[in-house]
1. Considering segment 21-42 alone, what residues qualify as being surrounded by 10 or more Cβ atoms within 10 Å (Cβ to Cβ), part of a helix (DSSP H, G or I) and not β-branched (Val, Ile, Thr)?
2. Quick one: what pairs do we get from segment 35-59, first residue closer than 16 Å to residue 25 by Cβ, second modelled with pLDDT of 90 or more and loosely packed, with under 12 Cβ neighbours inside 10 Å, C-beta under 9 Å, 6+ apart or different chains?
3. Within segment 6-49, which residues are hydrophobic (A, V, I, L, M, F, W, C) and more than 13 Å from the chain's Cα centre (by Cα)?
4. Within segment 1-20, which residues are surrounded by 11 or more Cβ atoms within 10 Å (Cβ to Cβ) and modelled with pLDDT under 80?
5. Give all pairs with beta carbons closer than 9 Å in which a residue from segment 14-33 that is closer than 14 Å to residue 48 by Cβ meets a residue that is loosely packed, with under 10 Cβ neighbours inside 10 Å; count only pairs at least 6 apart in sequence or on separate chains.
Amino acid sequence: MLNCQREPKDENELRYLNTFWVSAFIAVYTQWLADGMKMPEEELNAILTDIMKGDYFRT
């Protein structure tokens, strides 16, 4: 398991973690809209799923 996938230590850390994920998803969807929604929704969802699973953070 990656350190970025561990459980938050406390309520304060959880709030910051939730803020991070919400901001990330808003940014991805904003970019998708700005690009004219050319990427199929299924592909966009697959990318977001991989991000949530940490697939882009592995070394």
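1. Residues satisfying the conditions are 21, 23, 24, 25, 27, 29, 31, 32.
2. 44/37
3. To start, the set of residues in segment 6-49 that are hydrophobic (A, V, I, L, M, F, W, C) comprises 14, 17, 20-22, 24-28, 32-34, 37, 39, 44, 46-48.
Those that are hydrophobic (A, V, I, L, M, F, W, C) and more than 13 Å from the chain's Cα centre (by Cα): 14, 32, 33, 34, 37, 39.
4. Passing the criteria: only 8.
5. Between residues of segment 14-33 that are closer than 14 Å to residue 48 by Cβ and residues that are loosely packed, with under 10 Cβ neighbours inside 10 Å, the close pairs are 32/38; 32/41.
The values are calculated or read from the model by the stated rules, or taken from the named source; none is laboratory data. These numbers come from a predicted model, not from an experiment. When we count neighbours, we look across all protein chains shown, and the Cβ atoms used for this are built from the backbone with ideal geometry, even at glycine.
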